[in-house]
Amino acid sequence: MNEHVQTAASGPLFNHLSADFIHDPYPHYARLRATDPVHLTPFGTYVVSRHAEVSLVLRDKRFGKDFVERSKRRYGSQIMDESLFHNMAQTILQTDPPQHTRLRNLVVKAFTARRVEDMRPRIQQVVDQALDAIVDRGRMDLVADFAYRLPVTIICDMLGIPQEHREVFHTSSGDSVRILESVPLTPEETKQGNARVQMAQMYFQQLFDLRRRNPGDDLTTQLVQAEEDGNKLTNEELTANIMLLFIAGHETTINLIGNSLLALHRNPDQLSLLKANPSLIANAIDEFLRFEPSVQFTGRVALEDIDDLGGKKIPKGESVLCLLGSANRDPAVYPDRPDCLDITRKNIKPLSFGGGIHFCLGAQLARIEVEIAINTLLRRLPGLRIDDVENPEWRPNLVLRGPKRLPASW
C-alpha cells in the first residue's frame, strides 16, 4: 500500500468529498500536516497543507495558473470552445504574466484604496437598512437576511448595475462558482454555465455601450475607460472581469460574515470580549480569516520541474492545491492553540486572501464590510442567539466554505 495515497484503516488521506470533511475539515488538515504535508492524491493532484509550503507556492514565480492547459488536460482540448471556460480564461484570477500583469494594472486603477474607504457610509447605511427591515420580527436567517444583502448590494453599487436589473444577478450568482471547485463539472453544468455566461455577455455589452455614451461614477465606467500604455480591456476581458468582480465581490464576503458570526457564537467568551471592546474588531477580522476562511483552497500549476517542495519533487505541469484553511492553523506558525478562536491573538498573518500576484483585489472591501456588519449587529442586537451553533448546514461547496443558513433569534 502506498503510504502517500492511503492510511492503513481510514481510506484516502485526503477525501474532501466526504460529508465529514465538509462538516469539519480541520482534523483532516491536521492529519495531512503531520502525515504527508505535500501529498499526492489518487486523482493526481499534489495537496500542500503546511504554512511554509503554501506560502511559497502562492508567491513563487515557478508556479502559475496555466488555466487553459490545465482545463484541456482535465476535460479535453475542445473545452476552451465552451463559453464558460473561455470566459474564465480571460480573468485576472486565472491568467499568468504577461496577460495577468496587463489586466491587473488596468483593473486595479478602478479599485483604489481611497474609493473603497469612501464606501464606509454606504456600507453602514445598507447594514442599518437590513436590520431595520427585520428588527421587529425577533427572528432571522443571518445568511439570507443579513450576510447576503450587504455585499451583493455594495458590489452592484460599485459596478453601477441599475436597481431594476439586480434581482437576476441575486438569484443566479450562487452557482457561478462551480467552475472553481475541485470536482469536475458535468456536461449539464457546463451547458448551464455557458448559458449564464452568454446572457451576461449580452447584458454587459449593453451596459458597456451605455457607459461609453454616458459615463457614471462606477467601476464599470472606470474599466471601460481604463488604459495602460495605450491598451484597453477588450469586450471579452471586460465581461469576464466584471463577472469575476461581481462573484468574488459577494460570494466570499457572505461566507466570511457567516463564518465569523458562527465562530463568535461557538465561543461565547470571545463574543463577550468583542461586545465589550468593539475596537478589537480589526484584529478579530484577521483571526476570523485565519480561523475559518471563506476560501479554503486555491490552485497552482508547476511551470517547471520543482526539485524540492517539502521534500517532494513536483514535475512540470502538475497541479498543486494549496490548503489555505490548513496553513492558517499550522502550529509551526501559530503555536498557541491554533485550533482555538482568539480575537486578541498577536502577529496574525492569514493566507486567506492568497498571495503574490494573485492577492485578492477586494481584501480591503471585505474587511470593511465585515467590520461594519459585525460591530453594528452586536451593538443593535446584543441578545442575538444562533439556534444551532454545533450543527449548522454548510454549503456543499469545497473551495468556498460557509453556512447555508443560520437561523437566529433575539
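Numbers below:
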read-out	value
Checklist (1) within 18 Å of G355 (Cα to Cα); (2) assigned to a loop (DSSP other than H, G, I, E, B) applied to F43, failing item	(1)
Residue count, region 310-326 (criterion: touching a residue at least 40 places away in the same chain (Cβ under 8 Å) and at negative phi)	11
Odd one out for N347 among (1) crowded, with 18+ Cβ neighbours inside 10 Å; (2) under 30 Å from A113 (Cα atoms)	(1)
Leading residue by the ranking (farthest from A110 (Cα to Cα)) among those in region 149-181 that are aliphatic (A, V, I, L, M) and at pLDDT 85 or above	L150
E69, sole failed condition from (1) more than 19 Å from the chain's Cα centre (by Cα); (2) of a type outside the set (K, R); (3) part of a strand (DSSP E or B)	(3)
Answer from V57, V48 - the residue that is buried (at least 16 other Cβ atoms within 10 Å of the Cβ), modelled with pLDDT of 95 or more, of a type in the set (A, V, I, L, M, F, W, C) and touching a Gly at 6+ places or on another chain (Cβ under 8 Å)	V48
Pick from region 106-149, criterion of a type in the set (S, T, N, Q) and exposed (fewer than 15 other Cβ atoms within 10 Å of the Cβ), ranking: nearest to G356 (Cα to Cα)	T112
So R266, is it buried (at least 18 other Cβ atoms within 10 Å of the Cβ) and among the charged types (D, E, K, R)	no
Hits in region 17-45 (condition: surrounded by 12 or more Cβ atoms within 10 Å (Cβ to Cβ) and under 16 Å from K313 (Cα atoms))	D36, P37, V38, H39, L40, T41, T45
Those residues of region 197-211 which are loosely packed, with under 12 Cβ neighbours inside 10 Å and not hydrophobic (A, V, I, L, M, F, W, C), in sequence order	Q206
Residues within region 352-379 that are over 15 Å from A147 (Cα atoms), assigned to a helix (DSSP H, G or I) and in contact (Cβ under 8 Å) with a residue 12 or more places away in the chain, tallied	5
Residues of region 90-105 that turn out to be surrounded by fewer than 21 Cβ atoms within 10 Å (Cβ to Cβ), in contact (Cβ under 8 Å) with a residue 24 or more places away in the chain, under 16 Å from T234 (Cα atoms) and not hydroxyl-bearing (S, T, Y), as a count	4
First in region 220-235 and modelled with pLDDT under 80, second anywhere and of a type in the set (S, T, N, Q) and surrounded by 14 or more Cβ atoms within 10 Å (Cβ to Cβ), Cβ under 6 Å, 6 or more apart	E228/N105
Condition check for F297: within 23 Å of V48 (Cβ to Cβ), in contact with a helix residue (DSSP H, G or I) (Cβ under 9 Å, 6 or more places away or on another chain), modelled with pLDDT of 95 or more and of a type in the set (F, W, Y)	no
Within region 387-410, tally of residues that are in a loop (DSSP other than H, G, I, E, B) and within 10 Å of G258 (Cα to Cα)	3
Failed criterion for I281 (all others in (1) in a helix (DSSP H, G or I); (2) surrounded by fewer than 21 Cβ atoms within 10 Å (Cβ to Cβ); (3) modelled with pLDDT under 90 hold)	(3)
Qualifying residue in region 300-308 (condition: touching a helix residue (DSSP H, G or I) at 6+ places or on another chain (Cβ under 8 Å) and outside any strand (DSSP E or B))	no
Breaking point among (1) touching a strand residue (DSSP E or B) at 6+ places or on another chain (Cβ under 6 Å); (2) more than 20 Å from R405 (Cβ to Cβ), for A248	(1)
Tally of residues being over 13 Å from F288 (Cα atoms) and small (G, A, S) across region 233-273	4
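Condition check ((1) surrounded by 18 or more Cβ atoms within 10 Å (Cβ to Cβ); (2) under 24 Å from P37 (Cβ atoms); (3) out of contact with any strand residue (DSSP E or B) (no Cβ under 6 Å at 6 or more places or on another chain)) across all residues:
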position	(1), (2), (3)
C322	yes, yes, no
D330	yes, yes, yes
G355	yes, yes, yes
A363	no, no, yes
K404	no, no, no
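For (1) more than 20 Å from the chain's Cα centre (by Cα); (2) hydrophobic (A, V, I, L, M, F, W, C), each residue gets a yes or a no:
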| residue | (1), (2) |
| --- | --- |
| R62 | yes, no |
| I79 | yes, yes |
| S83 | yes, no |
| D96 | no, no |
| A133 | yes, yes |
| R137 | yes, no |
| R149 | no, no |
| C156 | no, yes |
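The values are calculated or read from the model by the stated rules, or taken from the named source; none is laboratory data. Since we're looking at a predicted model, the values are computed, not measured. As a convention, Cβ positions derive from the backbone with ideal geometry for all residues, glycine included, and neighbour counts pool all protein chains shown.
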